[in-house]
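Trainee: Pasting a structure here, questions to come.
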Amino acid sequence: MKIRIALFAALFFLAASNMYAQHHGRHHGPRLLDAIDEMGEDLQLSNQQQAQLETLKAEMDADMQTLHEQDFEDHAAKREAFHNTMASYKEKVNEILTDEQEAMLKEKRKERMHKRHEQMKNVDKEGMREALRAHHDQEVLPVLLAKRAEFDKELSTDDRAKIAELRAKFEIKKAEHRIKREEMRKRMKEDGEKHPHHHREHRGHGPKTDDPDHQALKALLDKYDTELTAVMESLAPQQEQWKKERDAIMQKFMPEDAPAKREGRRLGKFGHKAMKKGHFLLLDPNATASSINSKTTVINAAKAYPNPASSNITLSYELLQDGNVQIELRNESGGTIKVLEEARKKSGAQQLNIDVSSLRDGVYYIAIISGGGQSIVKTVIAKQ
């Protein structure tokens with residue numbers, strides 16, 4: 001199956017990561033306002049300041065709600081939109097406080113962060129992720145796949161093909177973003193910086209609404225809005241139940257004195273009414289719960305060199321277990337140009353020489369597919 005469900009699986013895995021982020025404190029705006037609430041008397045806020053902060057909090061909650069209900073191209077775009085919004089509100093809070101209040105608040109927040117860090121040191125994060133992933137695989141995934149397969153009957157043949165093409169394109173975009181993040185992490189590690197997600201090169205302005213693929217997805221969402229709304233409404237009771245079950249799972253791993261979860265804060269893509277129509281439409285209706293649940297990472301250390309290349313590329317990777325391997329060359333939009341290799345291979349180091357002399361200059365992707373998963377390598381063709 002050429003069109004894989006990596007995007008789908010990643011979205012579910014990120015839901016679990018977002019749950020942990022609730023307790024770890026990802027967004028600056030809510031943390032800042034929490035600290036102000038806790039030490040309001042110490043800050044000696046004037047009546048005017050209190051009124052301004054209450055108004056600001058209402059505005060922030062409204063903006064956060066809008067972001068939660070918005071469909072994003074990918075998780076990175078969502079994170080960037082939240083980061084920029086919270087940074088904006090942080091500046092607005094600082095404009096309301098005096099210099100003395102701001103300094104006192106800064107010290108209080110440092111104490112809170114240190115306490116939270118100490119509390120989370122002994123949390124079995126991997127165990128929590130595994131428990132959340134198991135809940136997703138056993139309780140959530142089968143229901144969503146059945147709903148998506150049923151919804152597929154509502155689509156025209158042409159629209160099914162369009163969605164399959166978009167699924168592949170977004171998969172490529174996600175892979176490219178991952179590659180850029182890894183390159184940035186490596187560069188920042190060499191420079192001795194600790195927080196790559198705060199780096200200016202990583203910041204953006206939310207979803208790329210002018211992107212042709214995003215526009216194509218939006219057109220499909222508009223076309224099937226009535227049908228998709230009905231599906232979301234039918235899933236709402238189950239999503240509420242899933243949220244309660246995940247809360248219970250997560251609570252088992254949290255220390256007794258961990259900060260309480262803010263009411264109304266979302267826990268991820270599958271919190272109450274949090275499943276987005278775009279994510280649902282991009283699910284692969286041909287996938288099965290068993291194929292996803294049994295999927296493991298079997299490809300490691302994939303790279304292509306030289307990069308950029310002019311005439312020949314050597315692809316190297318490690319296959320972690322015996323299995324069928326298919327290697328595809330894809331264009332920048334995610335379309336398959338040709339299948340480079342299709343064979344059964346033994347585990348271990350692998351290499352493939354690829355003739356690219358007939359290709360035009362530009363960006364290409366090499367997809368290594370095996371064991372229900374895939375690894376994507378970006379390569380650039382630049383002839384001299």
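Trainee: What tally of residues in segment 347-364 results from selecting those that are touching a residue at least 24 places away in the same chain (Cβ under 8 Å) and either at negative phi or part of a loop (DSSP other than H, G, I, E, B) (or both)?
Mentor: Count: 12.
Trainee: Within segment 91-108, count every residue that is part of a helix (DSSP H, G or I) and without any contact (Cβ under 8 Å) to a residue 24 or more places away in the chain.
Mentor: 9
Trainee: Among residues belonging to segment 147-177 that are small (Gly, Ala, Ser) and assigned to a helix (DSSP H, G or I), point out the one that is farthest from residue 363 (Cα to Cα). Steps first, answer last, please.
Mentor: First, the residues of segment 147-177 that are small (Gly, Ala, Ser): 149, 156, 161, 164, 168, 175.
Within this subset, residues satisfying the condition of being assigned to a helix (DSSP H, G or I) are 149, 161, 164, 168, 175.
Numbers: 149: 34, 161: 24, 164: 21, 168: 16, 175: 13 Å.
The qualifying residue farthest from residue 363 (Cα to Cα) is 149.
Trainee: Of the conditions (1) part of a strand (DSSP E or B); (2) hydrophobic (A, V, I, L, M, F, W, C); (3) modelled with pLDDT of 90 or more, residue 367 satisfies every one except a single condition; which number is it?
Mentor: So the condition that residue 367 fails would be (3).
Trainee: Restricting attention to segment 110-129, report how many residues are more than 13 Å from residue 254 (Cβ to Cβ) and charged (D, E, K, R).
Mentor: So the answer is 7.
Trainee: Based on this model, can you work out whether residue 137 counts as of a type in the set (Asp, Glu), closer than 26 Å to residue 230 by Cα and under 18 Å from the mean Cα position of the chain (by Cα)?
Mentor: So residue 137 passes the test.
Trainee: Do you know which of the residues in segment 345-366 that are hydrophobic (A, V, I, L, M, F, W, C), closer than 16 Å to residue 318 by Cβ and surrounded by 14 or more Cβ atoms within 10 Å (Cβ to Cβ) is farthest from the chain's Cα centre (by Cα)?
Mentor: Only one residue fits best here, namely 352.
Trainee: While we're here: Could you please let me know if residue 174 is modelled with pLDDT under 80, crowded, with 19+ Cβ neighbours inside 10 Å and closer than 17 Å to residue 219 by Cα? Quick ask: steps written out before the conclusion?
Mentor: On the way: modelled with pLDDT under 80: yes; crowded, with 19+ Cβ neighbours inside 10 Å: yes; closer than 17 Å to residue 219 by Cα: no.
It is false that residue 174 is modelled with pLDDT under 80, crowded, with 19+ Cβ neighbours inside 10 Å and closer than 17 Å to residue 219 by Cα.
Trainee: May I ask you to verify whether residue 107 is surrounded by fewer than 17 Cβ atoms within 10 Å (Cβ to Cβ) and more than 25 Å from residue 254 (Cα to Cα)?
Mentor: yes
Trainee: Okay, next question. Could you check, for segment 372-382, whether at least one of its residues is surrounded by fewer than 19 Cβ atoms within 10 Å (Cβ to Cβ), under 21 Å from residue 180 (Cβ atoms), small (Gly, Ala, Ser) and modelled with pLDDT of 90 or more?
Mentor: The answer is yes; a qualifying residue exists.
The values are calculated or read from the model by the stated rules, or taken from the named source; none is laboratory data. Everything numeric in this text was worked out from a predicted model, so none of it was measured. Every residue, glycine as well, gets a Cβ built from its backbone with ideal geometry; the counts of neighbours run over all protein chains shown.
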